[in-house]
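J.: My questions all concern the structure below.
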Amino acid sequence: MLTKALLGIFIAAVIKLTTRSWLQSGTVEVASVLNSSYDFIVIGSGSAGSVIATRLAQNGDVTVLLLEAGGHFDEMEESHVPGLWYKMLKSDFDWEYYTEPQKSCGIGINDRRIYWPRGRVLGGSSVINLMQYTRGNKYDYDEWERLGCKGWGYKDILTYFKRSENNVEPGLRATDYHGTDGPMGVSSGVVSPLADHYIQAGKDMGYTIRDYNDGEQEGFSLYQIHIKDGVRSSTGKNYLSLVSGKKNIHVATNSFVTKIDIDNVDKSAKGVYFVRNNRKFYIKADKEVILSAGAINSPQLLMLSGIGPRDHLKKLGLPVKADLPVGENLQDHGRIQLFTHIDQPISVKSDTWSMYWNGIMYKLFGTGVLGKTLAEGTSFHYTDKSQRGKNYTNVQFNFFSSYQHANIESYNDTYFNELFSKTPKEYGFMTALIMNHLKSTGTITLKSSDPFDYPVIEPNYLSEKSDLDDVVKAIRIWERFIETPTMKSLGASVDQVRVTSCDNHIFRSDDYWKCYIRHFFITVYHPCCTCKMGAPNDKTTVLGPDLRVKGVKGLRVADASSFPHETSGNINAPIIMLAEKAADLILDSWRK
Ligand SMILES: Cc1cc2nc3c(=O)[nH]c(=O)nc-3n(C[C@H](O)[C@H](O)[C@H](O)COP(=O)(O)OP(=O)(O)OC[C@H]3O[C@@H](n4cnc5c(N)ncnc54)[C@H](O)[C@@H]3O)c2cc1C
Ligand SMILES: *[C@@H]1O[C@H](CO)[C@@H](O)[C@H](O)[C@H]1NC(C)=O
Ligand SMILES: *[C@@H]1O[C@H](CO)[C@@H](O)[C@H](O)[C@H]1NC(C)=O
Ligand SMILES: *[C@@H]1O[C@H](CO)[C@@H](O)[C@H](O)[C@H]1NC(C)=O
């Protein structure tokens, strides 16, 4: 007994001594006193902003100020631990947005408002996300180019993906597609024996097994994730630590930007107003302001600064400095979650997180389930087979190897219990069935002229009838997956997702699935495209292909909002790619 207690105390002491050193090794300093002007001011330190600020400070003989509304990532140690990602949701690191009540779906969601988490911390949403590393399809970028984004075709941008990546998997490092000395670690998501079964089921269906980041995507793959040595790679930590302490960059946290100062006469961005620790500041930008506040806050800040749809700005009493379709063209990926029990002990058990031993293994060695996300496999599909080989895929499955689920999505408790707690068993997995090219689009508008008011988020999910039909087509692919010999041999069955709310329809009929979708369809957290880039003469665009705001000098937008069209898969890597290229464009323009 006594020796066991002593051993426990000893282990606890070792944990205490070792955690900080390796979990928080990428130190990023915060500036307490700021200068009155900088060459560049970057607003928002998210997936894009941290990359841009770092590359400008590294590669240019220039001064940089990075302004971030949230605090430092080290304020929550869990932010570094992949298996605890869900603890970021609704924490101090989350803006916690909600959409307007949805008309075409959301029956099973509280008030029909879909919860939209967004990072509010140094590193932005890359500190609270699920770390899945997905570049999209080569046809995505060829479409961008066709839409007028000159220089953004697949052949032009592949190099920027590689620049950010440090892939640690030998099999992937050896290929032409991956980077090996970039700041962001990428490793395999595999953690359980179930991973092999997803792949085998894909083979049963006749699909190719591939590296889904090879430009084409159709087929089954093991997941690649933004994790190195069991620790989350975020842009806040992995990029900014490269320039921390350098004399030409200041990083300011707790700095909430309220407006960009646009000169009335020559329409140029002169500086930025912000509130830091309850004090108001104005700091001048000698060269440029780069707006990287994300797909919700970038359009919000543009509108607050007088750049947006004329009628909307006038109605709120805001000046109109440039009349542009800011906040329109909101796109997102949507999903349903499908749970499958299995009768073999090969998934991660639902009580694993609370197991003492797992905590110790992780804290001492960075190994075990806490060092992974449980997304082990992914697959990409076409609902319209005629698009094969000449267009991007439109469906993605993510396979999470645990049956464990807490109500982190703001489901109405009544429906949540029906969906997730029907016949609790220890082993199983969850398929996130994701629609990557929905036709319905939405808007971000201002609620008021007060910068502290949250903007109005209206995604209009499934408002286009064909979207609902496409989700059903995707479910038919999933049914085939569950009914492969491999999945059947594990005891998997479609029956698991039979819900009483839709009992008035024949189980597995089109109408049954439409009912299910209308209840449970939610976001994949990938809003984008609200300050669309494209051809300068295209009236639907806000930015030119150099990311400059049309008709305004010294102002660019570079983040998820700059996308002209959403990519096929998780968008964090494409945003980092965009930011790498943005930094090149900016520095090049000042060298001339
Ligand atoms: C829960 C979750 C899971 C996800 N999982 C994945 C995944 O597994 N793989 C993947 O590829 N993608 C994933 N994503 C999506 C991806 O993380 C985001 O699309 C991406 O991080 C957005 O990058 P961004 O630079 O556009 O914006 P953000 O990273 O959100 O950065 C914007 C920054 O600007 C700051 N800001 C905003 N307004 C102001 C202001 N007024 N003043 C100062 N600062 C301001 C914010 O605090 C934030 O730090 C996920 C997202 C979420 C929320
Ligand atoms: C949850 O669903 C029940 C049953 O449909 C409904 O009465 C209730 O109003 C819902 N609650 C919320 C917050 O949406
Ligand atoms: C701030 O100003 C000082 C004094 O002019 C200068 O030496 C320093 O480089 C500036 N720092 C930044 C990050 O611009
Ligand atoms: C590519 O596929 C999408 C649907 O996923 C479709 O809307 C689009 O028109 C297709 N593009 C071409 C060029 O066929």
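The values are calculated or read from the model by the stated rules, or taken from the named source; none is laboratory data. All values reported here derive from a predicted model rather than from experimental measurement. So basically every Cβ, Gly included, is an ideal-geometry build from the backbone, and we count neighbours across all protein chains shown. For the accessible areas, the whole protein counts, side chains as well, though only heavy atoms, and no ligand, DNA or RNA atoms are used. Shrake-Rupley method; radii C 1.70, N 1.55, O 1.52, S 1.80 Å.
Every residue, every condition in (1) open to solvent by 30 Å² or more (accessible area, probe 1.4 Å); (2) within 16 Å of ligand 3 (Cβ to nearest atom), yes or no:
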{"position": "Ile209", "(1), (2)": "yes, no"}
{"position": "Gly215", "(1), (2)": "no, no"}
{"position": "Gly219", "(1), (2)": "no, no"}
{"position": "Leu222", "(1), (2)": "yes, no"}
{"position": "Ser233", "(1), (2)": "no, no"}
{"position": "Gly236", "(1), (2)": "no, no"}
{"position": "Ser241", "(1), (2)": "yes, no"}
{"position": "Ser244", "(1), (2)": "yes, yes"}
{"position": "Asn254", "(1), (2)": "yes, no"}
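J.: Condition test on Lys514, is it basic (Lys, Arg) and without any contact (Cβ under 8 Å) to a residue 40 or more places away in the chain?
T.: Spelling it out, it is not the case that Lys514 is basic (Lys, Arg) and without any contact (Cβ under 8 Å) to a residue 40 or more places away in the chain.
J.: Provide a single number: the residues in region 14-32 that are open to solvent by 50 Å² or more (accessible area, probe 1.4 Å) and either at pLDDT below 85 or basic (Lys, Arg) (or both).
T.: Residues in region 14-32 being open to solvent by 50 Å² or more (accessible area, probe 1.4 Å) and either at pLDDT below 85 or basic (Lys, Arg) (or both): 6 in total.
J.: Looking at (1) more than 16 Å from ligand 4 (Cβ to nearest atom); (2) crowded, with 18+ Cβ neighbours inside 10 Å, find the lone condition where Leu433 falls short.
T.: It fails just one condition, (1).
J.: Considering region 537-550 alone, what residues qualify as being free of Cβ contacts under 8 Å to residues at least 24 places away in the same chain and either farther than 19 Å from Leu587 by Cα or not basic (Lys, Arg) (or both)?
T.: Within region 537-550, Asn537, Leu543, Gly544 qualify.
J.: Could you run through region 93-112 and say how many residues are within 16 Å of ligand 1 (Cβ to nearest atom), of a type outside the set (Phe, Trp, Tyr) and open to solvent by 60 Å² or more (accessible area, probe 1.4 Å)?
T.: Result for region 93-112: 1.
J.: Against the conditions (1) more than 16 Å from ligand 4 (Cβ to nearest atom); (2) free of Cβ contacts under 8 Å to residues at least 40 places away in the same chain, where does Tyr160 fall short? Just the number, please.
T.: The number of the failed condition is (2).
J.: Follow-up. Residues of region 108-157 being in contact with a Lys or Arg (Cβ under 8 Å, 6 or more places away or on another chain) and within 16 Å of ligand 4 (Cβ to nearest atom), which ones?
T.: Tyr139, Tyr154, listed by residue number.
J.: Now for a separate question. Quickly run through region 537-589 and pick out the residues that are among the charged types (D, E, K, R), in a helix (DSSP H, G or I) and open to solvent by 10 Å² or more (accessible area, probe 1.4 Å).
T.: Residues satisfying the conditions are Lys581, Asp584, Asp588.
J.: Then there's this: Residues of region 505-524 being within 21 Å of Asp413 (Cα to Cα) and assigned to a loop (DSSP other than H, G, I, E, B), which ones?
T.: Residues satisfying the conditions are Phe521, Val524.
J.: For region 256-271, give me each residue that is surrounded by fewer than 23 Cβ atoms within 10 Å (Cβ to Cβ) and not aromatic (Phe, Trp, Tyr).
T.: Result: Thr258, Lys259, Asp261, Asp263, Asn264, Val265, Asp266, Lys267, Ser268, Lys270, Gly271.
J.: Moving to a separate point now. If you take the residues in region 408-460 that are hydroxyl-bearing (Ser, Thr, Tyr) and in a strand (DSSP E or B), which one is nearest to Ser562 (Cα to Cα)?
T.: Here the answer is Thr443.
J.: While we're looking at this one, here's another question. In region 113-128, which residue that is out of contact with any helix residue (DSSP H, G or I) (no Cβ under 9 Å at 6 or more places or on another chain) and open to solvent by less than 30 Å² (accessible area, probe 1.4 Å) is nearest to ligand 3 (Cβ to nearest atom)?
T.: In this case the residue turns out to be Tyr115.
J.: From the list Ser410, Ser466, which one is without any contact (Cβ under 8 Å) to a residue 40 or more places away in the chain, small (Gly, Ala, Ser) and open to solvent by less than 70 Å² (accessible area, probe 1.4 Å)?
T.: Ser466
J.: On to the next question. Out of Arg498, Arg480, which single residue is farther than 28 Å from Leu578 by Cβ and either among the hydroxyl-bearing types (Ser, Thr, Tyr) or modelled with pLDDT of 95 or more (or both)?
T.: Exactly one of Arg498, Arg480 is farther than 28 Å from Leu578 by Cβ and either among the hydroxyl-bearing types (Ser, Thr, Tyr) or modelled with pLDDT of 95 or more (or both), namely Arg480.
J.: State all residues of region 371-400 that are among the hydrophobic types (A, V, I, L, M, F, W, C) and open to solvent by 20 Å² or more (accessible area, probe 1.4 Å); if no residue qualifies, say none.
T.: Phe400
J.: Could you tell me whether any residue of region 65-76 is over 22 Å from Ser292 (Cβ atoms), open to solvent by 40 Å² or more (accessible area, probe 1.4 Å) and in a helix (DSSP H, G or I)?
T.: no
J.: For region 527-559, what are the residues that are of a type in the set (D, E, K, R) and more than 14 Å from Asn329 (Cα to Cα)?
T.: The answer is Asp546, Arg548, Lys550, Lys553, Arg556, Asp559.
J.: Any chance region 385-395 includes a residue that's touching a residue at least 12 places away in the same chain (Cβ under 8 Å) and under 19 Å from Ile482 (Cα atoms)?
T.: Taking every residue of region 385-395 in turn, at least one turns out to be touching a residue at least 12 places away in the same chain (Cβ under 8 Å) and under 19 Å from Ile482 (Cα atoms).
J.: Further question: Filter region 33-64 down to the residues that are outside any helix (DSSP H, G or I) and modelled with pLDDT under 95, then identify the one that is nearest to ligand 4 (Cβ to nearest atom).
T.: For region 33-64, the residue satisfying everything is Gly60.
J.: Scan region 56-63 and give yes if some residue there is open to solvent by 10 Å² or more (accessible area, probe 1.4 Å) and more than 16 Å from ligand 3 (Cβ to nearest atom), otherwise no.
T.: No, the conditions are met nowhere in region 56-63.
J.: Go through region 469-504 residue by residue and tally those that are part of a loop (DSSP other than H, G, I, E, B) and in contact (Cβ under 8 Å) with a residue 24 or more places away in the chain.
T.: 6
J.: Of all residues in region 311-357, count the ones that are at pLDDT below 80 and not small (Gly, Ala, Ser).
T.: 6
J.: Restricting attention to region 104-143, which residues are under 11 Å from the mean Cα position of the chain (by Cα) and part of a helix (DSSP H, G or I)?
T.: Hits for region 104-143 are Gly124, Ser125, Ser126, Val127.
J.: Could you identify the single residue in Gln387, Gln396 that is within 16 Å of ligand 4 (Cβ to nearest atom), closer than 18 Å to Gln224 by Cβ and modelled with pLDDT of 90 or more?
T.: The conditions single out Gln396.
J.: I've got another one for you. Filter region 144-198 down to residues that are open to solvent by less than 50 Å² (accessible area, probe 1.4 Å), within 14 Å of Tyr212 (Cα to Cα), among the small types (Gly, Ala, Ser) and in a helix (DSSP H, G or I), then give me how many there are.
T.: Selection size over region 144-198: 0.
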